[in-house]
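Reading through the structure tokens given below for one structure.
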Amino acid sequence: MSLAENTRIQHDQWWADAVIYQIYPRSFADADANGMGDLQGVRSRLPYLSQLGVDAIWLSPFYLSPQADAGYDVADYRAVDPLFGGMKDFDAMLAEAHSMGIRVIVDLVPNHTSDQHEWFQDALTATPGSAARERYIFRDGKGPGGALPPNNWQSIFGGNAWTRVQDGQWYLHLFDTSQPDLNWENPEVHSEMESVLRFWLDRGVDGFRIDVAHGMIKADGLPDWHAKTSMVEGSDAETPPYFDQEGVHEIYQHWNKVLSEYDGDRMLVAEAWVEPAERLFRYVRPDEMQQAFNFGFLLAGWDAVRMAESINESLEEAGKVGAPATWVLSNHDTVRHSTRYGLTDPTTFPKGISAEDEQPDEELGLARGRAAALTMLALPGSAYIYQGDELGLPEHTTLDASVRQDPAFFRTNGEEIGRDGCRVPIPWTGAAPGYGFAENPEAASPWLPQPDSFAKYAADQQVGLDSSTYELYRQALSIRAERKLGQGTVAWTSLHAPADGVLSYRNGDLTLVVNAGTRPVRLPAGAEVLLASQPDAVTDNALQPNRAVWLV
Ligand code: GLC
């Protein structure tokens, strides 16, 4: 059976083939000139996104937070942090996005709160065994006087996953000390998060990206774990006792029902670093979430065999549960793909890059990044673009340790460089201070310094310039929409030879050919190049290495 016959995807919901643009509010656009992006900044740049042709935006957290993990430490799920504006700014941004036909997805962080959340502050002053402590995962320690942590779990950000409080008990935090894990065995936690969902649904959001969606339920008895702790579990690894436990699915079955009470095809997308694909697609069974990020595709790197495998596997597993596949190359937690692709091994997945590490070949990485974008954007399903992907932005690979903010950098004593390099504020204007991150020339410096190379990547240097990365994305999105590629199917063509670095599929009348190999690839005689990843992609009817084309 061909993949085309094997998929049973439905297309009556907007998200099934949507192109969703991730906004990292801290770094998108700074309207109030304080060096930090904000919701008014997002609003001001909606016309740019509309012109680019995205269907939806997903906003990383903008809620009240001490910002110990850049807002993924939420102190109040129903309030906007003054850093980003107020609720009226959110409402205005939402209304304007909707008026342009752009849907809005917000981030929900249900695995943990901030230690500044009222609940955790109450838990700290409450006694062991109290209702306030039962909202989190407090335990007595082991050993004499309970001086040792309750188990051997390590934090994803490095160091112990337990912190001791004054009366001697310990609380669990899979991430930073300031991010205590909630106790999802407690019905009060369920009803509180349901109420948070309803709060934002009532305001009119179109969906939620669920943070650490595979993490909320922990195995009974919190057993020790013998392997390394990481967000990315290898497909041959056993399941750790704190990830991908069966119980998480009940939560999503319930949330599915909550969403279905609202009109307009509201959706949930899972951030679940779960392998293999068969386990991941359990999160998008018909009565659970609508989408899950396809990190398998992101992790494939620049390698035709790995990309083809991921595409096959994803379409097959998606087909089995009747869900659309999704595709993503970068986000706020990963080294940007055009930088990863410029490393000696373009399939590596470094946890940040510093000046002491191997530096990427920027030009090569960008060429491959553009080709990968064409590879992704002709695929059926839904595609995610991380802010700056459309500008071909590289990672900042030489940030000084003194400006780093990622808790992972500090918790590992700098061993893990962390995620700051992909979170650098967006360059809008090549010749302006801060590259126009704030339009006000008197603005405070951006919260993370931008590399000099950002001048040439700035949006104003690219919009309207035919050969630019921005125009490549804009044209690709326009063709994708026009030809309904998101609703199509994949059929490998006779050119498809992943072992030789060539990946080629047909979707409708369009053929994608990407050359991840080292030799030119002869294209079929008479094929017309509809879009090329760069002007020099084809010479003598042969597709050059590190390039891609859409043919008709
Ligand atoms: C998710 C977020 C990441 C955050 C972590 C803890 O992985 O994407 O940025 O640090 O969860 O909330």
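The values are calculated or read from the model by the stated rules, or taken from the named source; none is laboratory data. This is a predicted model, so every value here is computed, not measured. Don't worry about glycine lacking a Cβ; one is built from the backbone with ideal geometry, like all the others, and counts go over all protein chains shown. What goes into the accessible areas is simple: the full protein's heavy atoms, side chains included, and nothing from ligands, DNA or RNA. Shrake-Rupley method; radii C 1.70, N 1.55, O 1.52, S 1.80 Å.
In the full protein context, the chain carries 36 Å² of accessible surface per residue, based on a 1.4 Å probe and ignoring ligands, DNA and RNA.
Between Asn312, Gly342, Ala325, the Cα set farthest toward the positive side of the dipole of the stretch 296-356 (charges on each charged residue's Cβ, about the Cα centre) is that of Gly342.
If you sort the three axes of the alpha carbon gyration tensor as a ≥ b ≥ c, you get a/c of 1.5 or more for the stretch 105-244 and a/b no higher than b/c, which makes it oblate. Can you pick out the pairs among Lys88/Lys351; Lys218/Lys351; Lys218/Lys484 whose Cα atoms lie more than 32 Å from each other? Over 32 Å Cα-Cα: Lys88/Lys351; Lys218/Lys484.
Using the Cβ-Cβ distance between Ala499 and Glu118 with R0 = 56 Å, the FRET efficiency computed as 1/(1 + (r/R0)^6) comes to roughly 0.45. In degrees, nearest 10, range 0 to 90: what is the angle between the Cα axis of helix 248-260 and the longest Cα principal axis of the chain? The answer is roughly 70 degrees.
Dipole of the chain computed with +1 at Lys/Arg Cβ and -1 at Asp/Glu Cβ about the Cα centre; of Met93, Leu523, Ile385, farthest Cα towards the positive end is Leu523.
Put a dot 7 Å past the Cα of Val321, heading toward its Cβ, do the same for Ser467, and the two dots end up 4.4 nm apart.
Enter the angle in degrees (range 0 to 90, nearest 10) between the Cα long axis of helix 187-203 and the first principal axis of the Cα atoms of the chain, meaning the one along which they spread out most. So the helix axis and the longest Cα principal axis differ by about 50 degrees. Of the trypsin sites (Lys or Arg not before Pro) in the stretch 206-288, the ones in a loop by DSSP (not H, G, I, E or B) with at most 11 other beta carbons within 10 Å are Lys228.
Compute the Cα gyration tensor for the stretch 208-316, then decide on rounded, prolate or oblate, letting a ≥ b ≥ c be the square roots of its eigenvalues: rounded whenever a/c is under 1.5, prolate when a/b is larger than b/c in the other cases, and oblate in all that remain. Note, shape of the stretch 208-316 comes out oblate. Exposed loop sites are taken as GluC sites (Glu not before Pro) in a DSSP loop (any state but H, G, I, E or B) with at most 12 other beta carbon atoms within 10 Å; the longest stretch of the chain without one runs 1-237. Here's how it looks for Ser330: its modeled amide H is under 5 Å from those of Tyr386, which are all 5 or more places away or on a different chain.
Between Leu268 and Phe208, Gln290, Gln291, the built amide H atoms are under 5 Å apart, and every one of these is 5 or more places off in sequence or on another chain.
In this structure, Glu528 and Asp361 have a Cβ-Cβ separation that, at R0 = 41 Å, corresponds to a calculated FRET efficiency of about 0.85.
In the chain, the longest principal axis of the Cα atoms and the axis of helix 469-482 are about 90 degrees apart.
Close amide H pairs (under 5 Å, H built 1.01 Å from N) link Leu531 with Trp550, residues at least 5 positions away or on another chain.
Once the piece of chain linking Thr398 and Ala126 is laid out straight, how much longer is it, given 0.36 nm per residue of separation minus the C-alpha distance between them?
Using 0.36 nm per residue and subtracting the Cα-Cα distance, I get 93.4 nm.
Hey, any idea what % of the chain's accessible area is carbon plus sulfur with a 1.4 Å probe?
Summing carbon and sulfur atoms, their accessible area is 48 percent of the total for the chain.
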